[in-house]
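Remarks on the structure that follows.
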Amino acid sequence: MRSTFEPELIELAELVRSRGAELFVVGGHVRNTLLGLPISDTDVTSRLRPDEVTSLCRGAGYTVVPKGAAFGMVEVHIGGKVYEHTTFRSDTYAEGGAHRPESVSFSETPEEDAFRRDFSVNALYAGVLSGAITDPTGGLRDIDRRLIRTTTADPEAILRDDGLRIMRLCRFAAELGFDIDESTFAAAKKCAPLLADVSAERVRDELGKILMADVKYGLPAEESVLRGLHLLDETGALDVILPELARCRGVAQSPKFHRYPVLEHIFRTTAMAKPDLVLRLGCLFHDAAKPVMLERQGNMHGHDVEGELIAREALRRLRFDNASSEAAVWLVRYHMYDLDGNAKEPTLKRRFVSWGRERVLALADIRDADFRGSVGERIEVKSSDRWRRVLAEMEEKHTPFSERELNCTGADVMRWLELPPGPKVGEVKAALLAHCAVRPQDNTPEKLRRIAKDTVGR
Ligand code: ATP
Ligand code: MG
């Protein structure tokens, strides 16, 4: 594999060799090179201890950033390239799946190091100078078979040590389109409850990757995102990380509009949506309140209003950032708007101005996904098509979408109407904006003055 290694990496390997050690590339870089897939980062490993790597590299003039030196990790920067060096080690974990090694002992060979890694295809070592591959756990064979399998013959031992590995299992299978080894899968089902011990941030990041699994290597969303979601469901991980969605499993809905029960519809909607994390999070929760409503009142009406609360709570629990959460929650709240596409055009236009362009387009996208997720096909959707057409027409006519885009200021309004500063000024401006949503040609100072006087006169 040597030909694929860049000069900076070879430089680092030669430095490591000057201490009598061998530098290996490990993890995604080796796996993806063998698969002919793009590489996101380069993890390197050797028997040198973190402090040795640090002094060696600093001595050579490289920048070294400690990254959890207790676990043996340091980041080496060479001429714009970044390598995460981890010392060979074997870990002992505490009870529970929280991934806090009780003790870390450094070891001398890749053969020892391999068994603390999660999956065989992630435990392949390529010698940077020799180009030779060391494969202590049968990863080469699994790459050939396109199979995710734990590094040890006892998969439970691996998955038990860190509950997040169950989500990583689903994620790698989804991104790569690999099958999952039978006993690995059985162990995942058994260990899924341990995900409760994993920090919300780690769960959030892994969930985000599953929701965007099609983007990673370009597989169709049905084969990657949808599959990843199914795997979360089948392993039981979903019950732990998103119990509000697990409640939707198998909940039947009207066959007149729906081909699938609620959870399956949610999954399909999410996979059918454009690859945007906020949009897909909105899809994930858009119908989450259906079982609650059904139980409470015997039908699903109002699931958009209740869904807003469920989505906000779940996204907060998983520590998604506020801006993304609120944008996704907003989509849940309004995903039923103008379902049939029969809203009157002036009504639509005033709504669009109050929402803003970005939200209108996102709402159109979630509507498309929702309908496609109901029938399971990429159909044209009447309402969202019309919304986009109306929005484009508004833009063509230079419709103001905010008070800043009105051709008058608050001072103008006060002068025209002899008003003191106060809430009234804001009300008039809002009325002017709503007026221009439908009649953008009136957005001139003279016309706005006349309309302002009429508005107040009324
Ligand atoms: P990607 O292409 O997504 O970066 P990767 O396999 O390189 O995939 P990383 O998360 O970068 O994944 O981790 C690098 C390597 O470290 C993995 O291949 C694996 O060997 C090991 N590893 C990372 N996280 C874990 C974990 N939670 N448990 C066990 N081994 C892990
Ligand atoms: Mg990596």
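Need the C-alpha centroid separation for the stretch 207-278 versus the stretch 403-446, integer Å.
Using only Cα atoms, the two centres lie 46 Å from each other.
Multiplying the sequence separation of Lys382 and Asp442 by 0.36 nm and subtracting their Cα-Cα distance, what value in nm do you get? Let's see the in-between values first.
Values: separation 60, 0.36 × 60 = 21.60 nm, distance 3.00 nm.
Fully extending the segment from Lys382 to Asp442 adds 18.6 nm.
Could you tell me the largest-minus-smallest coordinate of the C-alpha atoms of the stretch 245-381 on each of the three principal axes, in descending order and whole angstroms?
Each principal axis gives a Cα extent; for the stretch 245-381 these are 38, 37, 30 Å.
So which lysines can Lys424 reach, going by Cα to Cα under 30 Å and dropping same-chain residues fewer than 8 places off?
Lys344, Lys349, Lys397, Lys447, Lys453
Return the sequence-ordered ³J(HN,Hα) values of the stretch 198-212 in whole Hz as given by the Karplus equation 6.51 cos²θ - 1.76 cosθ + 1.60 applied to θ = phi - 60°, using x for Gly and Pro.
Coupling constants for the stretch 198-212: 8, 5, 4, 5, 5, 4, 4, 5, 5, 4, x, 5, 5, 5, 10 Hz.
Note the angle between two axes, namely the Cα long axis of helix 225-235 and the longest principal axis of the Cα atoms of the chain, as a number of degrees from 0 to 90, rounded to the nearest 10.
Roughly 70 degrees, rounded to the nearest 10.
If you average the alpha carbon positions of the stretch 144-195 and of the stretch 49-108, how far apart do those two centres end up, in angstrom?
25
Amide H of Asp162 versus every other amide H placed in the peptide plane: which residues, excluding those fewer than 5 positions away on the same chain, fall under 5 Å?
Those qualifying (amide H under 5 Å, at least 5 residues apart or on another chain) number zero.
Any chance you could run the full-extension gain for Glu112 through Arg359? It's 0.36 nm times the residue separation minus the Cα-Cα distance, nm to one decimal.
Working: separation 247, 0.36 × 247 = 88.92 nm, distance 5.24 nm.
Going from the current span to full extension adds 83.7 nm.
Across the stretch 14-27, in residue order, what do the Karplus-derived ³J(HN,Hα) couplings come to in whole Hz, using 6.51 cos²θ - 1.76 cosθ + 1.60 with θ = phi - 60° and x for Gly and Pro?
So the Karplus estimates, Gly and Pro as x, are 5, 5, 5, 5, 4, 9, x, 10, 10, 9, 10, 8, 9, x Hz.
With a cap of 15 neighbouring Cβ atoms within 10 Å, and only residues DSSP puts in a loop, list the trypsin sites (Lys or Arg not before Pro) found in the stretch 1-106. It would help to have the intermediate numbers written out before the result.
Numbers: sites: Arg2, Arg17, Arg19, Arg31, Arg47, Arg58, Lys67, Lys81, Arg89; in loops: Arg19, Arg47, Lys67.
Those that pass, being in a loop and sparsely packed, are Arg19, Lys67.
Quote the Stokes-Einstein diffusion coefficient, in whole µm² s⁻¹, for the stretch 402-457, based on the Kirkwood radius over alpha carbon pairs, a temperature of 37 °C and a viscosity of 0.692 mPa s. Before the final figure, lay out the partial values.
On the way: Rh = 10.9 Å.
Here the translational diffusion coefficient equals 301 µm²/s.
Using the alpha-carbon atoms, what tilt in degrees (0 to 90, nearest 10) does helix 164-176 show relative to the longest principal axis of the chain?
So the helix axis and the longest Cα principal axis differ by about 80 degrees.
With Cβ to Cβ distances under 12 Å as the rule, what net charge do the other residues near Glu244 carry (K, R +1; D, E -1)?
Summing Lys/Arg as +1 and Asp/Glu as -1 gives +1.
Order of Glu264, Glu405 from fewest to most other C-beta atoms within 10 Å?
Exposure proxy ranking, most exposed first: Glu405, Glu264.
Run through the stretch 157-213 and list the chymotrypsin sites (Phe, Trp or Tyr not before Pro) located in a DSSP loop whose Cβ has at most 14 other Cβ atoms within 10 Å. Intermediate values should be presented prior to the final figure.
Details: sites: Phe172, Phe178, Phe185; in loops: Phe178.
Passing sites in the stretch 157-213 do not exist.
How far apart, in nanometres, would the label points at Ser324 and Phe71 be if each is projected 7 angstrom from Cα along the Cα-to-Cβ direction?
If labels sit at Ser324 and Phe71, their model points lie 1.9 nm apart.
Once you have a ≥ b ≥ c as the square roots of the Cα gyration tensor eigenvalues for the chain, tell me rounded if a/c is under 1.5, and otherwise prolate or oblate according to whether a/b is larger than b/c.
Numbers: a/c = 2.73, a/b = 1.83, b/c = 1.50.
Note, shape of the chain comes out prolate.
Which of Ile39, Ile310 has the fewest other C-beta atoms within 10 Å, and how do the rest follow up to the most?
Ile39, Ile310
Which ordering of Phe267, Phe5 is given by a fewest-first count of other beta-carbon atoms within 10 Å?
Values: Phe267 25, Phe5 21.
Ranked by crowding around the Cβ, least crowded first: Phe5, Phe267.
Could you calculate the FRET efficiency of Glu52 with Arg100 from 1/(1 + (r/R0)^6), where r is the beta carbon distance between them and R0 is 22 Å, rounded to 0.05?
With R0 = 22 Å, the Cβ-Cβ based efficiency is 0.30.
As I understand it, the value is the acute angle between the Cα axis of helix 262-272 and the longest principal axis of the Cα atoms of the chain; what does it come to in degrees, rounded to 10?
90
Taking 35 Å as R0, compute the FRET efficiency from the Cβ-Cβ separation of Ala434 and Arg316 and round it to 0.05.
Values: r = 33 Å, r/R0 = 0.95.
With R0 = 35 Å, the Cβ-Cβ based efficiency is 0.60.
What do you get for GluC sites (Glu not before Pro) in the stretch 78-156 restricted to DSSP loop and a cutoff of at most 14 other Cβ within 10 Å of the site's Cβ?
Glu95, Glu108
Explain nothing, just the number: relative contact order of the chain, from Cα pairs under 8 Å at least 6 residues apart, as a whole percent.
Numbers: 790 pairs, mean separation 40.0, N = 458.
Answer for the chain is 9 percent.
Quick note: the coordinates plus some simple rules give every number you see, no bench work behind them. The model shown is predicted, which means the values in this text are computed figures rather than measured ones. Every residue, glycine as well, gets a Cβ built from its backbone with ideal geometry; the counts of neighbours run over all protein chains shown.
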